[in-house]
1. List residues of segment 78-95, by number, whose backbone nitrogen lies under 20 Å from a label position 7 Å along Cα→C-beta of residue 26.
2. Can you give the angle from 0 to 90° between the axis of helix 96-106 and the longest principal axis of the chain, with both taken from C-alpha atoms, to the nearest 10?
3. Helix-only estimate, please: 222 nm mean residue ellipticity of the chain, summing -39500 (n - 2.57) across DSSP H runs of length 4 or more and dividing by its residues, to the nearest 500.
4. Between [x] 2, 10, 15, 12, 8, 6, 6, 5, 5, 5, 5, 4, 4, 3, 3, 3, 2, 1, 0, 0; [y] 2, 14, 24, 25, 18, 8, 4, 3, 2, 1, 0; [z] 2, 11, 21, 20, 17, 12, 9, 5, 2, 0, which matches P(r) over Cα pairs in 5 Å bins from 0, in percent calculated for the structure shown?
5. Rounded, prolate or oblate: which fits segment 48-106, taking a ≥ b ≥ c as square roots of the Cα gyration tensor eigenvalues, rounded meaning a/c under 1.5, else prolate when a/b beats b/c?
6. Tell me whether segment 1-45 comes out rounded, prolate or oblate; compute the Cα gyration tensor, take square roots of the eigenvalues as a ≥ b ≥ c, and use a/c under 1.5 as the rounded threshold.
7. If I model a spin label as a point 7 Å beyond the Cα along the Cα-Cβ vector, how far apart are those points for residue 67 and residue 95 in nm?
8. Roughly how tilted is helix 9-22, in degrees to the nearest 10 and between 0 and 90, from the longest Cα axis of the chain?
């Protein structure tokens with residue numbers, strides 16, 4: 001299994017189509033800086049995922065982390081938002097989601 005980074009317009013349109021068609025949130029442009037991947041195995045495309053910059057203020061997140069306003073300003077660049085995560089509906093592989101996220105961490 002491999003993650004293929006979305007780098008071309010053609011692949012970007014394919015990623016957008018998969019998310020629009022199969023993700024429960026549908027497609028909307030991801031905010032700010034982003035990185036997107038398609039997940040492939042020898043049998044073909046298994047899914048897609050996208051990461052983007054963190055939202056400026058999220059009270060539950062900031063409370064859980066223990067950030068003051070000043071700490072949030074200083075450290076927000078360290079937070080990444082997993083904006084979209086899709087395993088195509090016909091793909092049924094035990095622990096696949098964990099394996100995909102593990103690959104993403106290593107990328």
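1. Under 20 Å, as judged by backbone N against the label point of residue 26, lie 83-89 of segment 78-95.
2. Relative to the chain, helix 96-106 is tipped by roughly 60 degrees.
3. Values: 4 runs with 39 residues, N = 107.
Rounded to the nearest 500, the figure is -10500 deg cm²/dmol.
4. Correct label, based on the coordinates given: [z].
5. Values: a/c = 2.87, a/b = 2.81, b/c = 1.02.
Since a/c reaches 1.5 and a/b is larger than b/c, the shape of segment 48-106 is classed as prolate.
6. Numbers: a/c = 1.91, a/b = 1.34, b/c = 1.43.
It comes out oblate by the Cα gyration axes.
7. The two pseudo-label positions are separated by 3.3 nm.
8. Roughly 90 degrees between the two axes.
None of the figures in this text is laboratory data; all of them are computed from the coordinates on show. Keep in mind that what you see is a predicted model, and the values were worked out from it rather than measured. Every residue, glycine among them, receives a Cβ derived from its backbone with ideal geometry; neighbour counts consider all protein chains shown.
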